[in-house]
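Report on one structure; see the data block that follows.
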Amino acid sequence: MNEYKYIKDQDTEVYKALIGEEEREKRGVELIPSENYVSRAVREANGSVLTNKYAEGYPGRRYYGGQEFTDQIETLAIERAKKLFKAGYANVQPLGGAAANVAMYFALMESGDTVLGMDLSHGGHLTHGHPTTSINKVFNFVRYKMKDVDTGEIDYEELREVALREKPKVILAGFSAYSRELDYTKFVAIAKEVGAYTVADMAHIAGLIAGGAVKNPFDYGFDVITTTTHKTLRGPRGGMILVREDADIAKRINKTVFPGIQGGPHMNNIAAKAVAFGEALQPSFKLYAAQILKNAKAMEVVFKAHNVRLLCGGTDNHLLLADVYGSLGITGQEAETVLDEVGITLNKNMIAGETRTALDPSGIRFGTPAMTTRGMKEAEATKLAELMIRTLKAKDDETEKKIIQQEVQALCEAFPVPDKFN
């Protein structure tokens, strides 16, 4: 409460909403795969005095005076990011993952050039060229899909055929709703064959890579990685672009971020990134990343035991995608709503071969980063999955839902949101 004392005195309406959100996060379980809880230190940095400071440019090359401490902060963030991901260069100024992708596109391509990325319906992201996005008007996007939606196997033969035919300038590996690991070696081989850059959008799995729980695309020769800094990385909401070793690519990316598409960087956010990267460099973060995977596997077991179809047949990362409409006769929107009523937050999601609409699809997407931050392990992940199944099967039973809500709250009381990570 003391955290908001000035807001409480000055703006009652905002104060009430903040307290409401704080209580919601405490009393419910967050299973949206792209969300997490940050430490109190990250929140303090994000709300710090650096909010006041303009810092257009880069460390040592600013356009305004008074940059002694901003340069220290940004340099710290850059060096920590490079160490975390084994990168030669890092730009920590992108305001988000979408901004990072847009900057990457403009740095590596000319208008009209082609990008080969994962189809949205098979797990890709809007910024990978969905027709509704503005970037789709600038570049030509072509797509690859899964060969088998029940195993998650990517159709690398199709990917190669499309690459040979379309001659993309960028081949993009990355996803928003895909639960297996990609074969980075095959991406690199195909890219070399057609003379394309390899870019990994690791927004969802950045923390898993940093913690050594999944493969690092740089180890397989990827040129560039784009990412968000929240999700599994457990930092503030923001973006970042990493370059493996090519100084020319790094220079082009820096120029595209500023002054190309952004003005003054949000130095308070960069300070929060620096703090989060420092946390991710601690030995305990490796244990955290490994536990995320264990918890996801535990949830997979429960859903399979109840014959709920999982896209890709299960998971190798932090998320799962379930076909609840095909398995339980409840739509993704209905599932999201009824689970929210008992204190379990996740999101509706389209599935491969979707027959419904994006606003009321067949699937739900859920994951384990935030619950793992609370200290929950396999036993709690199993319990949560069972509560989810019970809720979906009792969507019209108010008495049963009340009982489940109490069980969720008891779990949250036993595993409070921490202020500091060990």
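Numerical summary
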read-out: Selected residue [surrounded by fewer than 24 Cβ atoms within 10 Å (Cβ to Cβ), in contact with a Phe, Trp or Tyr (Cβ under 9 Å, 6 or more places away or on another chain) and under 29 Å from Tyr54 (Cα atoms)] from Ala206, Ala250; value: Ala250
read-out: Those residues of the range 386-422 which are basic (Lys, Arg) and either free of Cβ contacts under 8 Å to residues at least 40 places away in the same chain or within 24 Å of Glu334 (Cβ to Cβ) (or both), in sequence order; value: Arg390, Lys393, Lys395, Lys401, Lys402
read-out: Set Ser134, Ser176: member being touching a residue at least 40 places away in the same chain (Cβ under 8 Å) and either hydroxyl-bearing (Ser, Thr, Tyr) or buried (at least 21 other Cβ atoms within 10 Å of the Cβ) (or both); value: Ser176
read-out: The range 141-171, residues that are in a loop (DSSP other than H, G, I, E, B) and under 30 Å from Asp323 (Cα atoms); value: Lys145, Val149, Asp150, Thr151, Gly152, Asp155
read-out: Failed criterion for Met202 (all others in (1) in contact (Cβ under 8 Å) with a residue 60 or more places away in the chain; (2) under 26 Å from Ala45 (Cβ atoms); (3) of a type in the set (A, V, I, L, M) hold); value: (1)
read-out: Residue check, Arg62 basic (Lys, Arg), surrounded by fewer than 16 Cβ atoms within 10 Å (Cβ to Cβ) and either closer than 27 Å to Val417 by Cβ or at pLDDT 95 or above (or both); value: no
read-out: So Asp183, is it acidic (Asp, Glu) and closer than 24 Å to Lys294 by Cα; value: yes
read-out: Helices (runs of 4 or more DSSP H) wholly inside the range 1-78 containing at least 3 residues that are without any contact (Cβ under 8 Å) to a residue 40 or more places away in the chain; value: 5-10, 12-27
read-out: Check on Leu392, within 20 Å of Ala305 (Cα to Cα), under 24 Å from the mean Cα position of the chain (by Cα) and not in a loop (DSSP other than H, G, I, E, B); value: no
read-out: Scope the range 100-133; condition more than 24 Å from Glu354 (Cβ to Cβ), in a helix (DSSP H, G or I) and not hydrophobic (A, V, I, L, M, F, W, C); matching residues; value: Tyr105
read-out: Pairs with Cβ under 6 Å, 6+ apart, first in the range 269-298 and surrounded by fewer than 24 Cβ atoms within 10 Å (Cβ to Cβ), second outside any helix (DSSP H, G or I) and among the polar types (S, T, N, Q); value: Ser284/Asn422
read-out: Residues satisfying the stated conditions in the range 364-385, i.e. in contact (Cβ under 8 Å) with a residue 60 or more places away in the chain, more than 20 Å from Gly207 (Cβ to Cβ) and in contact with an Asp or Glu (Cβ under 9 Å, 6 or more places away or on another chain); value: Ala385
read-out: Scan of the range 326-363 for residues that are more than 14 Å from Leu31 (Cβ to Cβ), aliphatic (A, V, I, L, M) and touching a residue at least 60 places away in the same chain (Cβ under 8 Å), ordered by number; value: Leu328, Ile330, Met350, Ile351, Ala352
read-out: Given (1) touching a residue at least 60 places away in the same chain (Cβ under 8 Å); (2) surrounded by 24 or more Cβ atoms within 10 Å (Cβ to Cβ); (3) over 30 Å from Ile73 (Cβ atoms), index of the condition Val102 fails; value: (3)
read-out: Test: Asn140 is closer than 22 Å to Thr256 by Cβ, free of Cβ contacts under 8 Å to residues at least 60 places away in the same chain and in the same structural domain as Gln262 (by TED's automatic domain parsing); value: yes
read-out: Test result for Asn254, assigned by TED's automatic domain parsing to the domain that holds Asn91, in contact with a Pro (Cβ under 8 Å, 6 or more places away or on another chain), touching a residue at least 12 places away in the same chain (Cβ under 8 Å) and assigned to a helix (DSSP H, G or I); value: no
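Residue-wise test of (1) β-branched (Val, Ile, Thr); (2) within 24 Å of Ile403 (Cα to Cα).
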position: Val308; (1), (2): yes, yes
position: Leu320; (1), (2): no, no
position: Gly326; (1), (2): no, no
position: Ile330; (1), (2): yes, yes
position: Gln333; (1), (2): no, yes
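The values are calculated or read from the model by the stated rules, or taken from the named source; none is laboratory data. Fair warning: this is a prediction, and the values are worked out from it, not measured in the lab. Cβ coordinates were reconstructed from backbone atoms using ideal geometry, including for glycine residues, and neighbour counts include every protein chain displayed.
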